[in-house]
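To start, the structure itself, in structure tokens.
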Amino acid sequence: MENLDRKTVAILATNGFEESELKEPMNALKDAGADVHIVSENSGKIKSWADGNWSNEYDVDKTLDEVSQSDYNALVLPGGVINPDALRRNEKAVNFTKSFFENHKPVAAICHAPWLLAEADVLKGRKVTSYNSIKKDIINAGAHWVDEEVVVDEGLVTSRNPKDLPAFCSKLVEEVYEGKHSMQTA
């Protein structure tokens, strides 16, 4: 397994994130030795969504006002419907996400999270996947959408849904380990 000592990863989320899509990547990164910060719009706690209902609360480590991409080696974007829809309406969240692409750092987005990537205008010409209900949004943002368990395109890791988490987490850890990429920004 890759050793991610001295690597720090941001997980950007707000209320309504899909619990497994935050928890499993966070645990995989921590198990590999990375420091992981949950970054959100406000301090305090954010509430997860699981099995069609509100679920556990998670402590926010840093707010968007307190962070910069320069603090992190990579970014993880969990899905859920409510979470990315709220974040794509937050200019700070969109700019924070975009800055990882501008600095060629790995980004991992699962399920509905690519909505935030579409808003950040970083999908043109990229091969990605997402939850199938947002396929047209992702194509309209300029991506080449495919129906695959996990897709890696120059440091961008995408998956479709929680069933894909084992493959998603494995590729995420690999990309964080490998570090910077020659990502193209639109």
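Tabulated values for the structure
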{"read-out": "Yes/no for Ser182 being exposed (fewer than 15 other Cβ atoms within 10 Å of the Cβ) and at pLDDT below 95", "value": "yes"}
{"read-out": "Selection within region 77-100 - under 18 Å from Glu21 (Cα atoms) and over 13 Å from the mean Cα position of the chain (by Cα)", "value": "Val81, Ile82, Asp85, Ala86"}
{"read-out": "Pairs, first free of Cβ contacts under 8 Å to residues at least 40 places away in the same chain in region 12-33, second part of a loop (DSSP other than H, G, I, E, B), C-beta under 6 Å, six or more apart", "value": "Gly33/Asn3; Gly33/Leu4; Gly33/Asp5"}
{"read-out": "Evaluation of Glu91 against (1) among the acidic types (Asp, Glu); (2) under 25 Å from Asn15 (Cα atoms); (3) in contact with a Lys or Arg (Cβ under 9 Å, 6 or more places away or on another chain) (one fails), failing number", "value": "(3)"}
{"read-out": "Complete set of residues in region 77-88 that are surrounded by fewer than 24 Cβ atoms within 10 Å (Cβ to Cβ), assigned to a helix (DSSP H, G or I) and of a type in the set (A, V, I, L, M)", "value": "Ile82, Ala86"}
{"read-out": "Residue among Ala74, Ala143, Ala108 that alone is more than 16 Å from the chain's Cα centre (by Cα) and of a type in the set (A, V, I, L, M)", "value": "Ala143"}
{"read-out": "Of all residues making up region 98-146, the number that are out of contact with any strand residue (DSSP E or B) (no Cβ under 9 Å at 6 or more places or on another chain), farther than 15 Å from Val76 by Cα and of a type in the set (D, E, K, R)", "value": "5"}
{"read-out": "Top-ranked residue of region 62-76 - restricted to ones that are touching a residue at least 60 places away in the same chain (Cβ under 8 Å) and either part of a helix (DSSP H, G or I) or not small (Gly, Ala, Ser) (or both), ranked as nearest to Glu19 (Cα to Cα)", "value": "Val76"}
{"read-out": "Per-region count, region 8-29, residues within 20 Å of Ala167 (Cβ to Cβ) and touching a helix residue (DSSP H, G or I) at 6+ places or on another chain (Cβ under 7 Å)", "value": "10"}
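The values are calculated or read from the model by the stated rules, or taken from the named source; none is laboratory data. Computed from a predicted model, the values in this text were never measured in an experiment. Neighbour counts are summed over all protein chains in view; Cβ atoms, including those assigned to glycine, are modelled from backbone coordinates with ideal geometry.
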